[in-house]
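Read the structure below first, then the notes.
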Amino acid sequence: MYVRVALPGPFLKGLDYKFPFSDAPVLYTRVLVPLGKRQIIGIIIDKQSTCDFDHKKLKSVLKVLDTAPVISSININMINWLSHYYHSSLYQAFKLALPKLLLQREHAHPSCQYYYVLAKQFTPAKNAHQQQKALSLLSQESRLYHEDLKQHNIHLATIQALLKKEVIIKKKATLENEIKPAQNINNQDEPTLNKEQQHAVQQIQSRLYGFSTTLIFGITGSGKTEVYLQAIKPLIKQNKQVLVLVPEINLTPQTQTRFYARFAVPTVVINSKISDQTRLNYYYGIQQNHIKIVISTRAGLLCDFKELGMIIVDEEHDSSFKQQNGIHYHARDMAIVKAKAHDIPVILGSGTPSIESYYHAKTGKYHLLNLTKRALNQTPNTIQIINLQKHKAPSGISSILKQKISQSLENNDQVLLFVNRRGFAHSLICQDCGWCAQCDACETPYTLHLHPQHLSCHFCGKGVNIFTHCKNCQSTDLIDFGSGTEKLEHHLSELFPLARIARLDRTATQRKGALEKQLHAITQKKVDIIVGTQMIAKGHDFQHVNLVGIINADAGFYSQDFHAIEKNAQLITQVAGRTGRGIKAGEVLLQTYQPDNPMFALLLNGHYQHFLEHLLTTRKMLLYPPFSYQAYIYAQASQQSACITTLNTLAAQLGKMTQHQQAICQISGPIPAIAAKRSGKYRFSLMLTANNRKALHYLLKSINRFITQQTKVKLTFDIDPIEIK
């Protein structure tokens, strides 16, 4: 007997092995096999009694690790679809679906992890730095796993010393204590729905049993989350499971709180910050229907549900749902495929729907539900556009915005300021010769950070000390150019020294628990001014924010990437919607160098649908998606010439294939990618545009062999791209 095994590497269809055991092989079980000099865990994806290769040269499976498949038949179909549609290997698809430990350990069980909790107060010796660090971490968290402590470079000897002194206690984790207990349902706390919300809930519940896709187009503050909560009540009562997808980790705490408070059922959060063992525990809990509600980023999309009843994709427009490395899949699109496989409804929700979803709703492919009124406040926000040509803002704050901030602080209201760049300044520039401090590996300017002081490349993550002399002319006259969240925070602390300022960006919230702590402080009105990047634009319910300032609204409207206009419009609309969510009307101030740009009038006056109609007209004229189908092929190599030569060869092959197809396919390139160099590698791309999806995938499939043969150039596909990278 022979088996085909999915393995890491350039093996799209896996590798064949002898199966030297008496029991018949079981598909989709794990096996240990030799690969080169290593022993690797793979997945059996096929079996046969004959083999096309010389069986004497085939290696044998070393060990069978499971007696039954590790994944359900529905999820196997999902994995096959994912691999086929995004032109990846099956192993890459399995990596997305299975917990990492199942592919790393022969014995991976859901209840084999230990954690530590503080038992008593203890003051370590002054030179016992490791013990001090461990106790400090444990004081911040209710419990920590061994894996968590290892990530902070705390050695086993330190843990054992604290255990011996009985300062900490070691406990064994079980699936039950992995899951946070939900609170009891309190029907008195359930808000009364307005007519639009009631209609939405009724429409969703009328389609509970069978596949359908519904788009909830609801303005910010219209109560989409409450619609979700009330729509799934019948499913929870019927012991069904619900998957709630959110685009980013920072949105999970508040969503989690709402669901915990409403449903007394096991509810978990899955994102990239949970430990590998916790992920494994959740995997089995979901597979056994012990866990009922899963709130997750795209990391939980392929969880193996036993009784899935509905999928909700909140903020469906968000670009974070698109994976940008490995398999370039879109979690929203995959959620729809998953719902179809389970024959259940999928709900897409957004205040600024993606142009694709709106188009499908407009053409009848999706059901469209509109929420046009704010759930708790009918008073519209007031809008003011500040012309930066007349009102200068050298540090990001114009005199008008400064005055409005001052008034809000006097009224004990919170202020939210949005700037779409983290760090102190965009770059460090020499005033004498114009030299700019940039990352050599990516050929892009470093961003200046002050806490701690360093220069950082936001492409490859490299950090260096701040230059004191120009590397070109040795001048010491270096200035920071542009502004980011840190610089704005610094300037605000000088303007309003008594104000309590919170900065929400990826740098400020990277420590575990930092984001939750900041959000709690904002909710408790222990923060006066919130400064942030895209992180503050999405989904947050800031009840006390009554002034929003958009520092530079022009960023994004002028770009090589035709997707940028839509993304910038979504950001502006979402940020503006963070105010006026309480009992008072809010105020939005938008700083721009283009006060007459008609887009601003549409977006700020609640006409996002008109904006989408305008954008659809433009895209139809240019034959851009959703009126065509696109894919990008990226080439990455240490030499520019290698990228160009390889892509030219590919373009020639694709051109020949196109002549044999009945569909129109345009091939553009090779051209340098927008990030033309990253981590020392040059990047070029080809863009394929076809008038039907079948033709596009036929072309891509025809070059799979060529791609796997490349050794000096790394080639990747981006199917249905949402940005040019």
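Mind telling me which of the residues Cys439, Cys457 ends up being modelled with pLDDT of 75 or more and under 30 Å from the mean Cα position of the chain (by Cα)?
None of the other options fit; the residue is Cys439.
Could you tell me which numbered condition Lys526 fails, if it satisfies all but one of (1) at pLDDT 75 or above; (2) assigned to a helix (DSSP H, G or I)?
(2)
Any residue that is closer than 30 Å to Ala441 by Cβ and of a type outside the set (Gly, Ala, Ser) - is there at least one of those in the range 609-630?
Yes, because at least one residue in the range 609-630 is closer than 30 Å to Ala441 by Cβ and of a type outside the set (Gly, Ala, Ser).
I'd like to verify a number: residues in the range 39-64 that are closer than 25 Å to His107 by Cβ and assigned to a strand (DSSP E or B), how many?
Total meeting the criteria: 11.
Could you tell me how many of the residues in the range 84-95 are assigned to a helix (DSSP H, G or I), under 20 Å from the mean Cα position of the chain (by Cα) and of a type outside the set (A, V, I, L, M, F, W, C)?
The qualifying residues number 2.
Report, ordered by the first and then the second residue, all pairs with beta carbons closer than 8 Å, sequence separation of six or more or different chains, a first member in the range 305-323 that is touching a residue at least 60 places away in the same chain (Cβ under 8 Å) and within 17 Å of Glu723 (Cα to Cα), and a second member that is of a type in the set (Val, Ile, Thr) and buried (at least 19 other Cβ atoms within 10 Å of the Cβ).
His317/Thr352; Ser319/Ile722; Ser320/Thr297; Phe321/Val313; Lys322/Ile722
Tell me which strands (runs of 3 or more DSSP E) are completely within the range 226-312 and hold 3 or more residues being of a type in the set (Val, Ile, Thr), or say none if there are none.
Here the list reads 267-270, 293-296.
Any idea which of Thr67, Thr29 is out of contact with any helix residue (DSSP H, G or I) (no Cβ under 8 Å at 6 or more places or on another chain) and surrounded by 14 or more Cβ atoms within 10 Å (Cβ to Cβ)?
On inspection, the qualifying residue turns out to be Thr29.
Is it the case, given these coordinates, that Ile40 is surrounded by 14 or more Cβ atoms within 10 Å (Cβ to Cβ), touching a helix residue (DSSP H, G or I) at 6+ places or on another chain (Cβ under 7 Å) and closer than 28 Å to Gly285 by Cβ?
No.
Out of everything in the range 96-137 that is of a type in the set (D, E, K, R) and more than 15 Å from Gln277 (Cα to Cα), what residue ends up being surrounded by the fewest Cβ atoms within 10 Å (Cβ to Cβ)?
Lys126
Restricting the search to the range 704-722, which residues are over 19 Å from Ser641 (Cα atoms) and modelled with pLDDT under 85?
Passing the criteria: Asn704, Arg705, Thr708.
Just to check your reading of the model, which residue among Ala652, Ala676, Ala635 is out of contact with any strand residue (DSSP E or B) (no Cβ under 9 Å at 6 or more places or on another chain) and hydrophobic (A, V, I, L, M, F, W, C)?
Going through Ala652, Ala676, Ala635 in turn, just one is out of contact with any strand residue (DSSP E or B) (no Cβ under 9 Å at 6 or more places or on another chain) and hydrophobic (A, V, I, L, M, F, W, C): Ala652.
Within the range 128-146, is there a residue that is over 29 Å from the mean Cα position of the chain (by Cα) and either within 30 Å of Asp304 (Cβ to Cβ) or in contact (Cβ under 8 Å) with a residue 40 or more places away in the chain (or both)?
No; the residues of the range 128-146 include none that is over 29 Å from the mean Cα position of the chain (by Cα) and either within 30 Å of Asp304 (Cβ to Cβ) or in contact (Cβ under 8 Å) with a residue 40 or more places away in the chain (or both).
Going through Phe600, Phe627 one at a time, which residue ends up being hydrophobic (A, V, I, L, M, F, W, C), within 30 Å of Gly532 (Cβ to Cβ) and either surrounded by fewer than 18 Cβ atoms within 10 Å (Cβ to Cβ) or touching a residue at least 24 places away in the same chain (Cβ under 8 Å) (or both)?
On inspection, the qualifying residue turns out to be Phe600.
State which residue pairs qualify: first residue under 20 Å from Glu723 (Cβ atoms) and of a type in the set (A, V, I, L, M, F, W, C) and inside the range 355-367, second residue in a helix (DSSP H, G or I) and modelled with pLDDT under 95 in any location, beta carbons under 7 Å apart, and separation of 6 or more residues or different chains.
If the second residue must be in a helix (DSSP H, G or I) and modelled with pLDDT under 95, the pairs left are Ile355/Glu566; Ile355/Leu612; Ile355/Leu615; Ile355/Leu616.
Is it true that Ser72 is in contact (Cβ under 8 Å) with a residue 12 or more places away in the chain and touching a Pro at 6+ places or on another chain (Cβ under 8 Å)?
No: the conditions fail for Ser72.
Output the strands (runs of 3 or more DSSP E) that fall wholly within the range 607-725 and possess 2 or more residues being out of contact with any helix residue (DSSP H, G or I) (no Cβ under 6 Å at 6 or more places or on another chain) and closer than 25 Å to Ser83 by Cβ, or say none.
629-637, 681-690, 714-719
Yes or no: the range 55-68 includes at least one residue that is over 30 Å from Leu156 (Cβ atoms), polar (S, T, N, Q), within 26 Å of the chain's Cα centre (by Cα) and outside the structural domain of Asn704 (by TED's automatic domain parsing).
No: the range 55-68 contains no residue that is over 30 Å from Leu156 (Cβ atoms), polar (S, T, N, Q), within 26 Å of the chain's Cα centre (by Cα) and outside the structural domain of Asn704 (by TED's automatic domain parsing).
Assigned to a helix (DSSP H, G or I), under 30 Å from His544 (Cα atoms) and modelled with pLDDT under 95 - does that describe any residue in the range 165-177?
no
Can you tell me how many residues within the range 668-694 are at pLDDT 85 or above and crowded, with 20+ Cβ neighbours inside 10 Å?
Qualifying residue count for the region: 8.
Conditions tested, residue by residue: (1) in a strand (DSSP E or B); (2) at pLDDT 80 or above.
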{"site": "His391", "(1), (2)": "no, yes"}
{"site": "Ser395", "(1), (2)": "no, no"}
{"site": "Lys402", "(1), (2)": "no, yes"}
{"site": "Gln407", "(1), (2)": "no, yes"}
{"site": "Leu417", "(1), (2)": "yes, yes"}
{"site": "Asn420", "(1), (2)": "no, no"}
{"site": "Gly423", "(1), (2)": "no, no"}
{"site": "Ile429", "(1), (2)": "yes, no"}
{"site": "Asp432", "(1), (2)": "no, no"}
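The values are calculated or read from the model by the stated rules, or taken from the named source; none is laboratory data. Small disclaimer: the values here were computed from a predicted structure and weren't measured. We place every Cβ from the backbone using ideal geometry, glycine too, and count neighbours over all the protein chains shown.
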